[in-house]
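The values are calculated or read from the model by the stated rules, or taken from the named source; none is laboratory data. The structure presented is a predicted model; accordingly, all values stated were derived computationally and were not measured. Cβ sites come from the backbone with ideal geometry, for glycine too, and all protein chains shown count toward neighbours.
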Amino acid sequence: MVSRRKFYLFLFVFLLFLGIVVWAQKNFQPVQYNHKLHVEDAGLSCTDCHVNVETHERASIPNIAVCGDCHDDPETDNAEIKKVVSYVQEESRIPWQTVHRVRDYAYFSHRRHVTLGQLECETCHGNVSARELPFEKPYVEINMSWCIDCHEQRAVTTDCYACHR
Ligand code: HEC
Ligand code: HEC
Ligand code: HEC
Ligand code: HEC
Ligand code: HEC
């Protein structure tokens, strides 16, 4: 009997754990944002939303000032759009998680790679225009050998001080 009770206890804990994992994944970002719909169907370009990408180190993730241009009508059946509209109306920021991150001790600049280096977003972030769900992990794992490999291929500096200033 005791072992049976233990079994059910184990099963309960296991299912609870599984439930939490699934829930956490689904709710990783506050809104189920869909790139495909906005880029391919609504015809927006990357820079309409990631406004700093050509001029700054950080690309920036758009928030209510941008979303509010199109999503200000609470009369909608779409639960995800409802969420966006209520952030807009309450003037509270959408708490996006940033997924792609370089450690603080290394220097990376979008301007350098996008504007000067003429690299496409897809090279580092994959086919974003086809994504229907938010990012949960980076498209490629960001580590030093990823940076160095491309620099070697394209005859860009691999001097330590270029990235570790
Ligand atoms: C230029 C207009 C425009 C802007 C700006 C815009 N959207 Fe949208 N969005 C649309 C259109 C068009 C649709 C699809 C039609 C609809 O259902 O309203 C849509 C649909 C959505 C949906 C529903 C997705 C689905 O799969 O059904 C979400 C969620 C959403 N937008 C979030 C956002 C967020 C978050 C922002 C700001 C970062 C944003 N939108 C900015 C035009 C826009
Ligand atoms: C050479 C590779 C590379 C290219 C090309 C590139 N990115 Fe990035 N992206 C990164 C890296 C690395 C990070 C993490 C940067 C950090 O932590 O500062 C990042 C982070 C981001 C982020 C996270 C938030 C932020 O503010 O930085 C967004 C959004 C983004 N990129 C969008 C874009 C868009 C849009 C383009 C094309 C116009 C683009 N990226 C081109 C490598 C790249
Ligand atoms: C897909 C290729 C690619 C990847 C991946 C890449 N880079 Fe670069 N990087 C370039 C190119 C091309 C340039 C030269 C841009 C130009 O013309 O100024 C460059 C330039 C730089 C520079 C300026 C170098 C100088 O001459 O002072 C720094 C710093 C830098 N990258 C850091 C990074 C870091 C950090 C990473 C990884 C997080 C990274 N890069 C990943 C292609 C890449
Ligand atoms: C309507 C606004 C909008 C447009 C247009 C748009 N994005 Fe985004 N992007 C977002 C939002 C909101 C997020 C955060 C949620 C997510 O991950 O999907 C995001 C996230 C990202 C990220 C991950 C950021 C992180 O956390 O590291 C990348 C990379 C990115 N976008 C690239 C692109 C590229 C490339 C294009 C053009 C093909 C593009 N985006 C067009 C709104 C937009
Ligand atoms: C093109 C850019 C680039 C160059 C050049 C570069 N690094 Fe790095 N390095 C990075 C990035 C980005 C990280 C952070 C990786 C991460 O977040 O895991 C890093 C991490 C490190 C670390 C931490 C441990 C590790 O391996 O993650 C050390 C130590 C280091 N670099 C030393 C060096 C030395 C020494 C040189 C010169 C021989 C050098 N780096 C050249 C981009 C660069």
Practice task
Go through the stretch 41-74 residue by residue and tally those that are more than 21 Å from HIS100 (Cβ to Cβ) and within 11 Å of ligand 1 (Cβ to nearest atom).
Solution key: 11
Problem - Top-ranked residue of the stretch 154-165 - restricted to ones that are exposed (fewer than 11 other Cβ atoms within 10 Å of the Cβ) and within 7 Å of ligand 3 (Cβ to nearest atom), ranked as farthest from ASP41 (Cα to Cα) - result: THR157
Problem - Residue ID - farthest from ligand 2 (Cβ to nearest atom), chosen from residues in the stretch 25-46 that are surrounded by 16 or more Cβ atoms within 10 Å (Cβ to Cβ) and assigned to a helix (DSSP H, G or I) - result: HIS38
Problem - Within the stretch 105-165, helices (runs of 4 or more DSSP H) holding 1 or more residues that are β-branched (Val, Ile, Thr) and within 11 Å of ligand 2 (Cβ to nearest atom) - result: 121-125
Handout entry: Candidates SER129, SER145, SER92, SER86 - the one that is exposed (fewer than 13 other Cβ atoms within 10 Å of the Cβ), in contact with a helix residue (DSSP H, G or I) (Cβ under 8 Å, 6 or more places away or on another chain) and at pLDDT 95 or above
Key = SER92
Exercise for the section: Restrict the check to the stretch 140-152 and report whether at least one residue is within 28 Å of PRO30 (Cβ to Cβ), away from ligand 5 (no atom under 11 Å from the Cβ) and not aromatic (Phe, Trp, Tyr). Expected result: yes
